[in-house]
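Asker: Just dropping this structure here.
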Amino acid sequence: MGRSWSSSAAGTRLFVTYAVASLVPVVALGAVLAQGSRQDGIERGLEHGRAQAAVVEEMAIAPALHGEDLAGGLTAQERRRLQTATDLAVFRGSVDRLRLRDFSGAVVFSDDGWLSGSPGAIDPGNDWSVPPDHPAFQTAAAGATDVQIVDGGSSGRAVRVLQPIVADSSGRSVGVLEILLPYEAVAADVEAATARDYWRLGAGLALLYVVLAGISWSATRRLRRQAAQAAHDALHDPLTGLPNREMFRRRVEEATRRSGSCAVVLVDLDRFKEVNDTLGHHAGDELLRLVADRLAGTLRADDTVARLGGDEFGLLLPGVSHPGAARDLVELVSEQLSTDVVLDGVPLTIEASFGIALHPADGDDVETLLKRADAAMYQGKRGTTGIVVFDPALAAAPSSRLITAHEVRRALEAGELRLHYQPKVDLRTGRTGGVEALLRWQHPDRGLLPPGEFLPAVEHSGIMGPLTEWVITQALVDCAAWSAEGRDWSVAVNVSVRNLEQPEFAATVVRLAADTGVPPQRLVLEVTETALPVDLGATARTLATLAAHGFGTSLDDFGVGYASLSHLRSLELAEVKIDRSFVAGVGVNAEDGEVVRSLVQLAHGLGLTVCAEGVETAAAAEWLRDAGCDRAQGFFFSRPRPWPALPPGGVPDPAGSRPPTPSLEMTP
């Protein structure tokens with residue numbers, strides 16, 4: 001309210017200032033126009049005198065003369081005629097004084113009877129007549145007319161006209177007519193016309209000023225509204241109407257300056273890109289608006305919800321100081337957010353990752369709190385829970401990931417990456433039917449690193465595309481090499497969902513197989529079930545394209561995902577791999593055994609082969625064979641190693657009974 005009043009007062013001051021400032025040029029313009037109008041009136045009066053003098057010369061003077069040059073004097077008859085005409089004009093008041101002069105300036109006729117005694121003589125009692133060398137006389141003698149307002153005449157002021165006398169039709173000038181006309185009528189006409197012009201001018205300028213004032217007032221109000229809208233837009237998201245990143249930062253900064261506590265929460269929608277890619281950006285926008293409404297509707301009145309950009313939102317929770325209280329509130333938000341929604345006829349479940357940082361425990365300034373909330377949110381995306389409160393151990397993770405990703409890119413260029421292989425043994429024959437490619441990094445300082453040391457840092461970076469292409473290429477090259485030695489093994493390569501969502505991925509795989517001369521049937525592409533998106537559209541199309549070209553497709557970690565049955569129905573698969581978490585308990589844990597047996601039967605019922613991962617003992621291998629499992633892999637058969645070091649068949653590795661190192665089993 002205070003800000004609105006201040007803005008209104010500022011706008012009023014601006015209008016008043018403009019109104020006063022615009023009055024000055026309007027008044028100045030009025031003065032100039034008034035002066036011009038008066039001058040125009042005088043000019044009209046002079047023109048009136050010129051016309052009147054011309055009428056007198058043409059109607060009274062010229063007819064009274066015989067057409068001879070006035071230097072020769074006038075005849076008695078000419079004088080009588082002139083006297084009669086001038087007496088009538090003077091009597092009627094249309095003429096004050098009148099004289100005829102020859103070209104030397106001598107007065108040859110005057111209405112008062114005065115004549116020049118000699119050429120160039122001037123009546124000493126007359127101050128309105130001009131000498132022969134005066135510019136006005138010279139103008140008339142040259143054939144033009146001179147008109148001026150002078151002092152003299154019966155009223156004190158008069159219009160003096162000097163013009164040539166043309167006495168016949170030849171057009172020859174015979175002398176100069178000098179006439180003094182009354183100014184009262186001319187002055188009255190000038191004053192009346194000027195007064196009318198002043199009134200019109202004043203009314204017009206007043207109207208102009210009112211119009212300008214109205215325009216100024218309207219423009220001031222419009223500019224005030226635009227300024228207010230611009231100020232609002234600068235701090236709010238145009239799509240959702242929520243505060244934007246800048247406003248959120250200001251409110252967090254304000255909260256940190258107070259003595260109380262608060263929680264800063266960053267929210268990132270999971271799989272939002274899939275909505276945009278499959279349903280279109282209009283559906284993505286609608287989803288963002290829906291999320292904004294749900295967030296705002298769930299939180300308390302003094303909490304702040306902001307859209308920070310893309311699919312990321314920020315929450316500011318004043319008065320929250322304990323991690324448990326923050327988690328409880330965020331869990332409520334997550335629960336409300338996850339309510340199913342239908343967009344373009346497609347039912348969706350909204351999922352999000354939340355990162356929480358507390359003030360003052362996790363930071364005293366905006367940058368620190370946002371950075372630590374972001375680190376917690378990233379950890380939530382990678383973990384099993386979507387809500388994570390910042391832990392100091394997370395602080396170094398972002399920079400460490402960036403360094404590792406940079407080093408992996410360098411390692412790829414430097415040729416430091418290696419592929420080891422683990423056999424997939426046919427449980428009925430005991431022979432190796434295929435191998436799985438497992439990535440290793442021959443680090444120059446740290447030695448041979450398993451994928452768990454570096455893949456998590458690059459799985460969401462731009463290096464994953466080139467890295468996957470290198471793994472597939474190297475696996476195909478090795479497959480061609482062992483095929484040349486008579487080993488008819490297929491090779492399995494793990495690919496990410498991010499690879500499968502790329503439109504050109506299938507064409508790339510086809511090209512790489514053709515370049516290395518490996519038949520498509522010898523390459524199996526494995527995708528982890530837990531990483532599959534809710535919307536399988538792009539992934540399913542890519543797998544179908546690969547299967548149509550003859551490549552094998554496999555679903556890894558089968559049984560631990562949340563939508564296994566729908567995946568089996570929707571995807572073009574040839575094999576499923578049962579996760580090691582179930583295999584480890586077969587023969588020991590009855591429940592694990594039943595789960596594995598059910599998975600085997602389900603897969604066979606769908607026409608799929610089954611491979612068990614993590615087989616570490618002969619008893620587990622025997623149990624799986626009896627349960628109908630087709631293939632198995634694990635330390636019981638062989639550790640991952642370069643392909644030339646692999647046993648040609650399925651003979652168990654003597655060292656296979658040792659406990660495995662879980663990270664060694666991770667794949668790209």
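The values are calculated or read from the model by the stated rules, or taken from the named source; none is laboratory data. Only a predicted model underlies this, so the values are computations on that prediction, with no experimental measurement involved. Ideal geometry is used to build each Cβ from the backbone, glycine not excepted, and the neighbour counts take in all protein chains shown.
Asker: Which residue pairs have Cβ atoms closer than 6 Å, lie 6 or more positions apart in sequence or on different chains, and pair a first residue in the stretch 44-67 that is among the basic types (Lys, Arg) with a second residue that is crowded, with 17+ Cβ neighbours inside 10 Å?
Answerer: Hits for this filter: ARG50/THR145; ARG50/VAL147.
Asker: Please specify each residue of the stretch 501-513 satisfying the condition of being touching a Leu at 6+ places or on another chain (Cβ under 7 Å) and under 23 Å from TYR421 (Cβ atoms).
Answerer: Within the stretch 501-513, VAL509, LEU512, ALA513 qualify.
Asker: A further question on this structure: How do the pairs read when you match residues in the stretch 314-329 that are closer than 21 Å to GLU367 by Cβ with residues anywhere that are hydroxyl-bearing (Ser, Thr, Tyr) and part of a loop (DSSP other than H, G, I, E, B), using Cβ under 9 Å and keeping only pairs 6 or more apart or on different chains?
Answerer: Correct list of pairs: PRO318/SER261; VAL320/SER261; SER321/SER261.
Asker: Tell me whether the stretch 629-641 contains one or more residues that are surrounded by fewer than 16 Cβ atoms within 10 Å (Cβ to Cβ) and outside any strand (DSSP E or B).
Answerer: Filtering the stretch 629-641 for residues surrounded by fewer than 16 Cβ atoms within 10 Å (Cβ to Cβ) gives none.
No; the residues of the stretch 629-641 include none that is surrounded by fewer than 16 Cβ atoms within 10 Å (Cβ to Cβ) and outside any strand (DSSP E or B).
Asker: Which one is modelled with the highest pLDDT among residues in the stretch 541-550 that are closer than 17 Å to GLY607 by Cβ and crowded, with 17+ Cβ neighbours inside 10 Å?
Answerer: Restricting to residues being closer than 17 Å to GLY607 by Cβ and crowded, with 17+ Cβ neighbours inside 10 Å, the top hit is ALA547.
Asker: What's the total number of residues in the stretch 622-644 that are under 9 Å from PRO423 (Cα atoms) and not hydrophobic (A, V, I, L, M, F, W, C)? Quick ask: steps written out before the conclusion?
Answerer: Here is the first cut: in the stretch 622-644, the residues under 9 Å from PRO423 (Cα atoms) are 632-634, 637-640.
Then keep just the ones that are not hydrophobic (A, V, I, L, M, F, W, C); that gives 633-634, 638-640.
Of the residues in that region, 5 qualify.
Asker: Would you check which residues across the stretch 267-287 are touching a Leu at 6+ places or on another chain (Cβ under 7 Å) and either within 21 Å of LEU317 (Cβ to Cβ) or among the β-branched types (Val, Ile, Thr) (or both) and list them?
Answerer: The answer is VAL267, VAL275.
Asker: Let me ask something else about it. Identify all residues within the stretch 224-238 that are of a type outside the set (S, T, N, Q) and surrounded by fewer than 13 Cβ atoms within 10 Å (Cβ to Cβ); write none if there are none. Steps first, answer last, please.
Answerer: If we filter the stretch 224-238 for residues that are of a type outside the set (S, T, N, Q), which is where we start, we get 224-225, 227-228, 230-238.
Listed by number, the residues that qualify are ARG225, ALA230, ALA231, HIS232, ASP233, ALA234, PRO238.
Asker: Identify all residues within the stretch 428-441 that are under 15 Å from GLU575 (Cα atoms) and crowded, with 21+ Cβ neighbours inside 10 Å; write none if there are none. Don't jump to the end; show me each part of the working.
Answerer: Going through the stretch 428-441, the residues under 15 Å from GLU575 (Cα atoms) turn out to be 433-436.
If the condition is that a residue be under 15 Å from GLU575 (Cα atoms) and crowded, with 21+ Cβ neighbours inside 10 Å, then GLY434, VAL435, GLU436 are the ones that fit.
Asker: Let me ask something else about it. Which ones in the stretch 232-253 are assigned to a loop (DSSP other than H, G, I, E, B), on the phi < 0 side of the Ramachandran plot and of a type outside the set (Ser, Thr, Tyr)? Step through it out loud before you land on a result.
Answerer: Filtering the stretch 232-253 for residues assigned to a loop (DSSP other than H, G, I, E, B) gives 235, 237-242, 244.
From the residues that got through so far, the ones that are on the phi < 0 side of the Ramachandran plot too are 235, 237-240, 242, 244.
Of everything in the stretch 232-253, those that are assigned to a loop (DSSP other than H, G, I, E, B), on the phi < 0 side of the Ramachandran plot and of a type outside the set (Ser, Thr, Tyr) turn out to be LEU235, ASP237, PRO238, LEU239, LEU242, ASN244.
Asker: Are any residues in the stretch 111-168 closer than 18 Å to VAL190 by Cβ, modelled with pLDDT of 70 or more and not acidic (Asp, Glu), and if so, which ones?
Answerer: VAL147, GLN148, ILE149, VAL150, ARG157, ALA158, VAL159, ARG160, VAL161 - these are the residues of the stretch 111-168 that are closer than 18 Å to VAL190 by Cβ, modelled with pLDDT of 70 or more and not acidic (Asp, Glu).
Asker: What are the residues in the stretch 160-184 that are outside any strand (DSSP E or B) and crowded, with 17+ Cβ neighbours inside 10 Å, if any?
Answerer: So in the stretch 160-184, the residues outside any strand (DSSP E or B) come out as 167-172, 183-184.
Across the stretch 160-184, the qualifying residues are ALA167, TYR183.
Asker: Which of the residues spanning the stretch 572-583 are buried (at least 18 other Cβ atoms within 10 Å of the Cβ) and assigned to a loop (DSSP other than H, G, I, E, B)?
Answerer: If the condition is that a residue be buried (at least 18 other Cβ atoms within 10 Å of the Cβ) and assigned to a loop (DSSP other than H, G, I, E, B), then LEU573, ASP579 are the ones that fit.
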